[in-house]
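Okay, structure first, notes after.
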Amino acid sequence: MSQIDYDALSFDDEDEIISPRGSEHGFDEVVERAISRRGFLGSVLAFGSGAAVMGVGALQGSTAMAQQMSRFAFDQLAPQTDGTVHVPEGYKWDVLVRWGDPLFSDAPEFDSATGIPTAGSDRVFGENTDGMELFHKGGTQLLVVNSEYVNGKINLPAEQEGKPVSADDVVRLQNFQGVTVMEVAEGANGWQVVVDSPYNRRIHHRTPMQIAGPAAGHDLLKTAADPTGAQSLGTFNNCGSGRTPWGTYLTCEENFNGYFGATVEPELNEVTAAGFKRYGVRTSVDEGRYNYHGFDERFDISKNPNEPHRAGYIVEIDPWNPDATPVKHTALGRFKHENAAYALSPEGQVVVYMGDDERGEYMYKWLSRDVYVPGGDTSTLLSEGQLFVAKFNDDGTGTWVALTPEDTGMSDAEIAVFTRMAATQVSATTMDRPEWIAVNPTAVEAYCCLTNNSRRGALNDDGTVRTNAAGEPMVPNAPNPREVNRYGQIVRWRPHNDDHGAATFDWDLYVMAGNPTVHADGPDAGSANINAGNLFNSPDGMQIDSTGLLWIQTDGDDDNEGEFAGMGNNQMLAGDPVTGEIRRFLTGPNGSEVTGLTWSADKRTMFVGIQHPGSPFPDGEGSLPRSAIVIVKRDDGALVG
Ligand code: FEO
Ligand code: CA
Ligand code: CA
């Protein structure tokens, strides 16, 4: 029996247990690290001039000046530490839907102590809400929402340590995750889920999927149950979201590795073993976080070693057709996908920006071969094109490096399945956990949250620098300048020629989170747009609204002590891309992460996700905690995005 409390264990720490990351490098890297630090100081000084060239002085903006020109329609909310949601004066919030709420009238009733039974667990709103997007047509509004993972002790409260003890338990956990499509409507009693809407749908860990792109049908994806290698079951660890210009939803498979395990010592070929190591798939005989493999042999790598190759993709879902089979797009690469943010090149090619959320992994860009024509054929746009990985230079420029067979020594199918290895071949820049990317609809630029990286520049016991999963030492570099990065930063780039399809870009840091009340100066004080009033750490979720305001959601340390004093619970802040001003707007219950944001068709309602509350939110004492989507409106009903 495992002694690990997985409910309290981060996915990062789980990776560390599965595959301890030592260093294969030595003293030279320590020296290089020191040089890189000097490089960082130089590049921070250079940001000012770089930003000036781009007409923006985010890192230089004085708070007083920013407040004078503030575009925010609210006063800053103070940090909070209690068990509920807070919004600024003049705004109100309410719960729209909680884990276990019915999507259909035949759904089982939620029990405050035992939750939801297995029978009917696919008829309710899923657990751990994350990325979401709203689609509207005529008067109908569909909210499509990811359910990222489960907390065993909450979702299987009757079982010892929340671990499944039967195939029935596993089915229940599988049903609570994936994606929910649901119709929502605002009436006299506020916003409600439209129970029994013909659009309502649960997509979970056993829902049939179609595999598309260069890896479809490849031997690496074939299993005993699917000799075609093109028809898998389930979408996993659905983290951030995205949408396409043609009105489909993109769900992003992140920490898929944790669902697989071995019941006996597996016999793996070299290619598979190397891939498992790089992606953190457990090969030891162990129950792991979910122990699916103990009861569902599809997840047992000693029997089905190719099954993990069928997860870790961007998955496209048509919200308007409940019978449509979701499509896994292997052309967009396989890694721990955070979200998918689209843009169009001036010619109309589709660009999708994507981050791989693991310490020292990379940022990617997809560029379609064909152009998007409204109402035209979109079938090739996420399968024919080129995948690139980001390389950041210390001088404030960067390059999207194409992942081609010529430059990687891998076939197109291998690049699609082992994308991380292909990116390492072309010396991509190791990043501090790329979380959400957002494209500004009012300027040709994009932003990525680099949430934190406790191992950046950290040393092993033998004095060597910690590495990423590829064995690359995570020395500080220009966009990831801090050792033991506990606060996180947001990098911004502007493609050359105002063309998201361009191979080159300029970049700067929009913000370096920090704590100037604890660190009087130095990198941990943060950038100039951080002050005692707007402290936060670990930027994660991010959206830019139709007016060009940047909304930042956090998933960090909320103990409000020491390095994190004055930050309070996880939160959502608004940022002005032009002045750099950042102001706290919403706080979540203690223990929760604020993640997922979208707007109603009329832009008078915000939908905000509250994931894994640490107290019995929102039902109160005596109830299991329930992740939930809350709505936020202005008291006067004015626009909020
Ligand atoms: Fe699911 Fe990286 O957050
Ligand atoms: Ca996230
Ligand atoms: Ca996170």
Response to the item:
The ratio Rg/Rh over the Cα atoms of the range 226-335, Rh being the Kirkwood inverse mean 1/r radius, stands at 1.00
Worksheet item: Gain in length, residue 458 to residue 16, computed as 0.36 nm per residue apart minus the alpha-carbon separation, to one decimal in nm?
Response: 157.7 nm
Item to complete: Work out from phi, with θ = phi - 60° and the Karplus expression 6.51 cos²θ - 1.76 cosθ + 1.60, the ³J(HN,Hα) of each residue of the range 241-251, listed in order in whole Hz, and give x for Gly and Pro.
Response: 10, x, 8, 10, x, 8, x, 10, 9, 10, 10
Fill in: Relative contact order (%) - the chain, alpha-carbon pairs under 8 angstrom, separation at least six
17
Worksheet item: Packing-wise, with mean Cβ within 10 Å as the measure, how do 453-464, 343-354, 574-585 rank, highest first?
Response: 574-585, 343-354, 453-464
Practice prompt. List every residue whose amide H lies under 5 Å from the amide H of residue 340, counting only residues 5 or more places away in sequence or on a different chain, with H placed 1.01 Å from N in the peptide plane.
Written response: 241, 242
Worksheet item: Just from its helices, what would the mean residue ellipticity at 222 nm be for the chain, if runs of 4 or more DSSP H residues each count -39500 (n - 2.57) and the sum is divided by every residue, rounded to the nearest 500 deg cm²/dmol?
Response: -3500 deg cm²/dmol
Fill in: residue 230 long-range amide H proximity, modeled H, under 5 Å
217
Item to complete: Determine, at each q value in 0.10, 0.13, 0.22 (inverse angstroms), the log₁₀ of I(q)/I(0) that the Debye formula gives when each Cα of the range 409-545 is one equal point scatterer.
Response: -0.40, -0.67, -1.34
Response to the item:
Checking rank on 491-501, 143-153, with mean other Cβ inside 10 Å and highest first, the result is 143-153, 491-501
Discussion item. For the chain, take the convex hull of the Cα atoms, compute a quarter of its surface area, and give me that in nm², please.
Written reply: 26.4
Worksheet item: With +1 on each Lys and Arg Cβ and -1 on each Asp and Glu Cβ, how big is the dipole of the range 463-523 about its Cα centre, in debye rounded to the nearest 20?
Response: 260
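Quick check on packing: order 467-476, 213-222 by the mean number of other C-beta atoms within 10 Å, highest mean leading.
Packing proxy ranking, top to bottom: 467-476, 213-222.
Taken together, the values in this text are just the output of simple stated rules run on the coordinates, not laboratory data. Computed from a prediction, not measured in an experiment: that's the story for all the values here. A quick note on method: Cβ atoms are made from the backbone with ideal geometry, for glycine too, and the neighbour counts reach across all protein chains shown.
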